[in-house]
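Novice: Provided herewith is a single structure, encoded as C-alpha cells, for subsequent inquiry.
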Amino acid sequence: MIPSQISYLSKLIHLDLSSNQFSGKIPPEIGLLANLKVLQLGKNQLNGSVPPEIGHLSFLNDLSLNSNRLDGPIPASLGNLKNLEVLYLYNNLLSGSIPQELGNLIHLLELCVYTNNLTGPIPSTFGNLKKLTLLFAFCNQLSGPIPREIGNLNFLDNLSFRTNNLSGSIPASLGGLRNLKLLHLQQNQLSGPIPEELGNLEFLTDLELGQNQLNGSIPVSFGNLTNLEILHVRGNQLSGPIPEVLGNLESLVILVLSENQLNGSIPASFPNLVNLRYLILSTNQLSGPILEELGNLKSLINIDLSENHLTGSIPAFSNLVNLEFLILHSNQLSGQIPEELGNLEPLANLDLSRNQLNGSIPSSFLNLVNLRSLFLSNNKLSGFIP
C-alpha cells in the first residue's frame, strides 16, 4: 500500500509508482504534496475512491490513475486542477456521472475515462476544452445526446464514445473537427440521418457508426474522405443506394455496410478500391450482378455479399490470391460454380448455399487444403461429389 507518510515529501514534484502491484487505497494525504506536477499511479491494484484532496494539487499537469480497481465517483474537485494536461482514469470501476467541473481544465490535452461504470450525460462543458486532442469515454453507460459543443474542439484528433447508451442525433457540428482522424460512435442508440458535414473531415482514417438506429442514406459527401481506411456502419436502418463516390476512397481497407436496408447494385466504382481487404455488404436489399472487376482487388481477404437479391453468375475471382472468406449465400445467383475458385489456396470458408446454382461441384475444390467450412445446400447442383 501507499503510506500516508508520503505527504512528508513536501518538495516532491514527480511521483511515478505505475506498473507495480500496490494495493489498498490512495491516501488522502497525497493532496498535501503541494509542489507535485506528475502523479502516476496507473497499472496497480489500488481500490477505494479517488480522494477529493487530489484537487488541491494546483500545479499538477499529469494525473494517471488508470488500470486499477478504483470505484465511486470522479471528484468534482479535479476541476480545480487548472494546469492539468493529461487525465487518465480509464480501466477502473468508477461510477456516477462525469462532473461538469472537468470543463474547467482548459489546458487539458488528453482525457480518458473509458471502461468504467459511468452514467449520466456527457457534460456540455467539455466544449471548453479547446486544447483537447484525445477524448475517450467508450465502454461506459453514458446516456443522453452528444453535446453539439464537442464540435468546438478544433485540435481533437481522436474521439470515441462507442459502447454507451447515447441517444439523439449525431451533431452536425462534429463536421467542424477538421483534425479528426478517428471517430467511434458505434454501439449506442443514436438515431436520425448521418450528417453530410462528416464529409468535411478530410484527415479521417477510421469512421465507425455501426449498431445504432441511424436512418436515411449514406452521405455522398463521404466521397471526400480520401484518407479513410475504415468505414463501418453495420446494423443501422440506412436505405437507398450505395454512393458511387465511395469508389474514390482508394485508401479504404475495411468497408462494412451490412445489416441495413441498402438497395440498388454494387457500385461500378468499387474496383477502384485497390487496398480493400474486407468487403462486407451482407443483409441488405442489393440487386444486380457481382462485378467481375472485383476480382482485380488482390488484397481482398473477406467478401461477404450474403442475404441480398444478387443475380447472375459467380465471377471466377482467379486473381484473389489472398481470399480466405467468400460468403455469397441467400441470393439468387445462377449458373455453374467456377472451377477457378479451386485455385484460391488460402480459402477457409466458402458459403454458396441458398442460391440457384447448377452443374456439378468442381473437382478443383480438392486443391482447397485450408478449407474449414463448405456450404453448398439449397441449390440445383447435380453430378458426382468429387
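Novice: For a quick check of your reading of the model, give me the residue pairs whose first member lies in the stretch 178-192 and is without any contact (Cβ under 8 Å) to a residue 24 or more places away in the chain and open to solvent by less than 20 Å² (accessible area, probe 1.4 Å), whose second is small (Gly, Ala, Ser) and part of a strand (DSSP E or B), with beta-carbon atoms closer than 6 Å and at least 6 apart or on different chains.
Specialist: Cβ pairs passing all conditions: none.
Novice: Assess whether Gln141 counts as being within 21 Å of the chain's Cα centre (by Cα), over 20 Å from Gln40 (Cβ atoms) and surrounded by fewer than 17 Cβ atoms within 10 Å (Cβ to Cβ).
Specialist: Against the criterion (within 21 Å of the chain's Cα centre (by Cα), over 20 Å from Gln40 (Cβ atoms) and surrounded by fewer than 17 Cβ atoms within 10 Å (Cβ to Cβ)), Gln141 qualifies.
Novice: Also, I was wondering about something else. Can you tell me which residues in the stretch 67-79 are buried (at least 23 other Cβ atoms within 10 Å of the Cβ) and more than 16 Å from Ile2 (Cα to Cα)?
Specialist: The one that is buried (at least 23 other Cβ atoms within 10 Å of the Cβ) and more than 16 Å from Ile2 (Cα to Cα): Ile74.
Novice: Sort out which residues of the stretch 364-386 are loosely packed, with under 13 Cβ neighbours inside 10 Å and of a type in the set (Ser, Thr, Tyr), and write them in order of number.
Specialist: Ser373, Ser377, Ser382
Novice: When the residues of the stretch 1-33 are narrowed to those that are touching a Ser or Thr at 6+ places or on another chain (Cβ under 7 Å), of a type in the set (A, V, I, L, M) and not in a helix (DSSP H, G or I), which ends up surrounded by the fewest Cβ atoms within 10 Å (Cβ to Cβ)?
Specialist: Applying the filter and picking the extreme gives Met1.
Novice: In the stretch 47-66, which residue that is in a strand (DSSP E or B) and either open to solvent by 20 Å² or more (accessible area, probe 1.4 Å) or aromatic (Phe, Trp, Tyr) (or both) is farthest from Ser18 (Cα to Cα)?
Specialist: The residue in question is Ser49.
Novice: Take the residues in the stretch 106-121 that are under 18 Å from Asp157 (Cα atoms) and not acidic (Asp, Glu); name whichever of them is most open to solvent (accessible area, probe 1.4 Å).
Specialist: Selected residue: Ile106.
Novice: Could you check the stretch 323-336 and list, in sequence order, the residues that are more than 18 Å from Leu286 (Cβ to Cβ), within 36 Å of the chain's Cα centre (by Cα) and open to solvent by less than 30 Å² (accessible area, probe 1.4 Å)?
Specialist: Correct list: Leu323 only.
Novice: Would you mind telling me which numbered condition in (1) touching a Leu at 6+ places or on another chain (Cβ under 9 Å); (2) part of a loop (DSSP other than H, G, I, E, B) Lys43 fails?
Specialist: (1)
Novice: So if I check each of Glu85, Glu53, which one is over 23 Å from the mean Cα position of the chain (by Cα) and closer than 30 Å to Leu204 by Cβ?
Specialist: The unique qualifying residue is Glu85.
The values are calculated or read from the model by the stated rules, or taken from the named source; none is laboratory data. Source: prediction; values computed, not measured. Cβ: placed from backbone, ideal geometry, glycine included. Neighbour counts: every protein chain shown. In case anyone asks, the SASA skips ligands and DNA or RNA and just uses the protein heavy atoms, side chains included. Shrake-Rupley method; radii C 1.70, N 1.55, O 1.52, S 1.80 Å.
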